[in-house]
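Below: one structure, written as structure tokens.
The values are calculated or read from the model by the stated rules, or taken from the named source; none is laboratory data. No experiment lies behind these values; they were computed from the predicted model shown. A quick note on method: Cβ atoms are made from the backbone with ideal geometry, for glycine too, and the neighbour counts reach across all protein chains shown.
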Amino acid sequence: MANTSKSSCACNGACTDAVWGELDEFIACQERGRNSLITVLHKAQELFGYLPVDVQKHIAKALGLTVSEVLGVVTFYHYFSMQPRGRHTVNVCMGTACYVRGAKKVMQAIQEQLGIKKGETTPDRRFSLTTQRCFGACGLAPVVMIDNDVHGRITPQKLAKILAKYE
Amino acid sequence: MSKPRMFLLVPIDANTVIAGAREVKNRFSLEIGKRGLAGEAKVIETGSFGPADAGVVVAVQPDGVVYGRLAPDDVPRIVEEHLVKGRPYVERILPGEKPPPPPESEDARHTQLHGRVVLDNCGRIDPDSIEEYIANDGYFALGQALTAMTPAQVIEEVKASGLRGRGGAGFPTGLKWSFCAPVKAREKYVICNADEGEPGTFKDRLIMEGDPHKVLEGMAICAYAIGATRGYVYIRGEYAISIERMQRAIDAARAKGLLGRNIFGRGFNFDIEIRKGAGAYVCGEETALIESMEGKRGLPRLKPPFPAQSGFRGMPTNVNNVETLANVPAIIRRGAAWFKSLGTAGTPGTKVYTILGHINRPGLIEVPAGVTLREIIEEYGGGMQSGSFHMAQLGGTAGDILGREMLDVPLDYDALQKVGHSLGSGAILIMNESVNVRDFLHACLKFFHHESCGRCGPCRNGLHVLRDITGRLKDGKAYKDDPGLMQEVALALKSSAFCPLGQSPAAPIMSAWRYFKDDILSGVDSNAARPRMARSLRADLSAAI
């Protein structure tokens, strides 16, 4: 079941048998059924980087849910993604505090520097670009989060230097 | 070993970690060790005590000196000058900051110094040490409730304290508990709502990062009062440090027998689990949060039945905000009368705010309820950073926009209601003239439009219309009837949307209209004409109606 889509999948080699095995182990520790769904999806996204349909089918079967139920939940929450992500995710805060401190300009600068728009990934799979409502780091507005690092008081000038740190 | 004579408090939280707080902390330990001061000076990792904009912050106690914007290379100088020679290193002192009292001093055991109830431990104790929490009267209130009070007495005490929900709506907490308590069920649940999604609000995050045990203790007391056996903390997936520290706190409490079976030997069983949110603003609404915990799309439920009757898994459930629960231990320990002596008659106690925007010292503050906006800007925010006060938004994106006229209104639930406003979630965004109100409104509406869950028509369609109108106003291309239409739709949403998400955009819109009418009208282009609907479509529509 797990290996069928390996060749056609865009996971950058992330979906090895070991990763599928880890997911199955995790599911085995959870209570079967709906209540565990979001917890399992969090884990799956951590393992695969995103949630391709094959992974969703697998989870649906393991938890005794329909695929449409799983898909419905995945598409509802911003945190879950069905698109393969780049190696690094650039997340621009668009909350009001960042907005009044120039998030719009920062977003423009990032789009120019990376040559992609919101929701897209650079052709070399280095960066994906998304936005967020608020990270709760408003004291440092405007804020950009790259992977798990928060960068505060971003100016368009500072950006190039920061982005260069992520290979 | 001798008792340390000096304490270096280093807040490690989401804001300071980026600035390199961990490196600075390690360097301090290293330098202190090098100079053989290890027995005299103690470096303690804490949560935030307030400043959110000052880089790496370190408070040295009992000297009461706060350093800011530190780099690891500043550390040797500070150790040399301050710790060895006893002369504070003035170049890096952060002006105007009041440091938290030292962790082991007597006067620190009570909160008078700061007047802090919720944040009294934040920035002072190591959040990962249950011993330090216990040494500061931690879990005393739980013991008191379990051994000396009946569940009904606990509810009475919370009711008498006048504590109101700090998530935004301000519903009396004791009353909420009393709805859930008498319901008979196989199992009941306590849920701590830590899905802090209101843009500009991060108080709950810093409470959980600075003093996680206080939240757990509040949950346990609540569970005892309403007869619940299981608790859940629903935390935003993005709050990595909060999740880690809360989990470690749960593990530590379990190891000490403060969670689990037969707590304090009184036959009371209660355990807590963390659930990660997945990023949906609407999940801050309690029934949507419950749906999400059940693994579904976070769509709000029809009320009644209220969660107190039928919530998580159809069982009676009590949902409270982080800050609300963090107030509970102090109320039980020190009594309702003491709590009422703080704040105002309508809103006893304190309020935690995050203050942001064009002020000198943005950050986390806890002030008695009833303090005015002007006082917050001048005394706590260090004044305007640039320009003069233009407007403020109270309580995140769903909050009211206030003009200059409101600078002196006391911030409590009742006083604000009297002038037609509400307090909201605890974010205060201060703006100078550089922010255009039409631009700002459009940003708010884009947010709501994006977050609408799509369950009900008014919200799904109404926010679309409002987003377009504010967009035209922002560009100065609005039709003549747009400002009127905007208010009409906003009010229609307020009265017909299914949950607070759809109802609340009326707050920024109507309040902006109240104070900045001329600004909004300046977005109207008198030459622009609304495109006429095709005749055939109009005929179809009227036939359908």
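Brief remarks follow.
- Test: residue B:10 is in contact with a Phe, Trp or Tyr (Cβ under 8 Å, 6 or more places away or on another chain) and outside the structural domain of residue B:205 (by TED's automatic domain parsing): yes
- Check on residue B:408, more than 12 Å from every other protein chain (Cβ to nearest Cβ) and either in contact (Cβ under 8 Å) with a residue 60 or more places away in the chain or basic (Lys, Arg) (or both): no
- Selection within the range A:124-153 - in contact with a Lys or Arg (Cβ under 7 Å, 6 or more places away or on another chain), part of a strand (DSSP E or B) and over 21 Å from residue B:451 (Cα atoms): A:128
- Elements of the type helices (runs of 4 or more DSSP H) sitting completely within the range B:459-539 and holding at least 1 residues that are over 34 Å from the mean Cα position of the chain (by Cα): these cover B:482-496, B:517-521.
- Filter result for residue B:14 (buried (at least 19 other Cβ atoms within 10 Å of the Cβ), under 26 Å from residue A:98 (Cβ atoms) and in contact with a Gly (Cβ under 6 Å, 6 or more places away or on another chain)): no
- Residue within the range B:423-434 that is of a type in the set (D, E, K, R), within 23 Å of the chain's Cα centre (by Cα) and either closer than 28 Å to residue B:296 by Cβ or surrounded by fewer than 24 Cβ atoms within 10 Å (Cβ to Cβ) (or both) present: no
Let's see how each residue does on (1) within 13 Å of chain B (Cβ to nearest Cβ); (2) surrounded by fewer than 23 Cβ atoms within 10 Å (Cβ to Cβ); (3) of a type in the set (A, V, I, L, M, F, W, C):
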{"residue": "A:68", "(1), (2), (3)": "yes, yes, no"}
{"residue": "A:71", "(1), (2), (3)": "yes, yes, yes"}
{"residue": "A:80", "(1), (2), (3)": "yes, yes, yes"}
{"residue": "A:84", "(1), (2), (3)": "no, yes, no"}
{"residue": "A:112", "(1), (2), (3)": "no, yes, no"}
{"residue": "A:119", "(1), (2), (3)": "yes, yes, no"}
{"residue": "A:127", "(1), (2), (3)": "no, yes, yes"}
{"residue": "A:144", "(1), (2), (3)": "yes, no, yes"}
{"residue": "A:154", "(1), (2), (3)": "yes, no, yes"}
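- For the range B:30-69, the candidate set comprises residues that are closer than 20 Å to residue B:245 by Cβ and of a type in the set (S, T, N, Q); within that set, the residue that is surrounded by the most Cβ atoms within 10 Å (Cβ to Cβ) is B:46.
- Just one of the listed residues (B:449, B:390) is crowded, with 17+ Cβ neighbours inside 10 Å, outside the structural domain of residue B:515 (by TED's automatic domain parsing), modelled with pLDDT of 90 or more and not in a loop (DSSP other than H, G, I, E, B), and it is B:390.
- Residue list for the range B:171-214, restricted to those being among the acidic types (Asp, Glu) and either away from every other protein chain (no Cβ under 14 Å) or surrounded by fewer than 24 Cβ atoms within 10 Å (Cβ to Cβ) (or both): B:187, B:211
- Within the range A:41-99, being over 16 Å from residue A:30 (Cβ atoms), assigned to a helix (DSSP H, G or I) and of a type in the set (A, V, I, L, M) holds for A:53, A:67, A:71, A:74, A:97.
- Residues in the range B:261-297 that are facing chain A (nearest Cβ under 9 Å) and either in a helix (DSSP H, G or I) or farther than 24 Å from residue B:249 by Cβ (or both): B:280, B:281, B:283, B:292, B:293, B:294, B:295, B:296, B:297.
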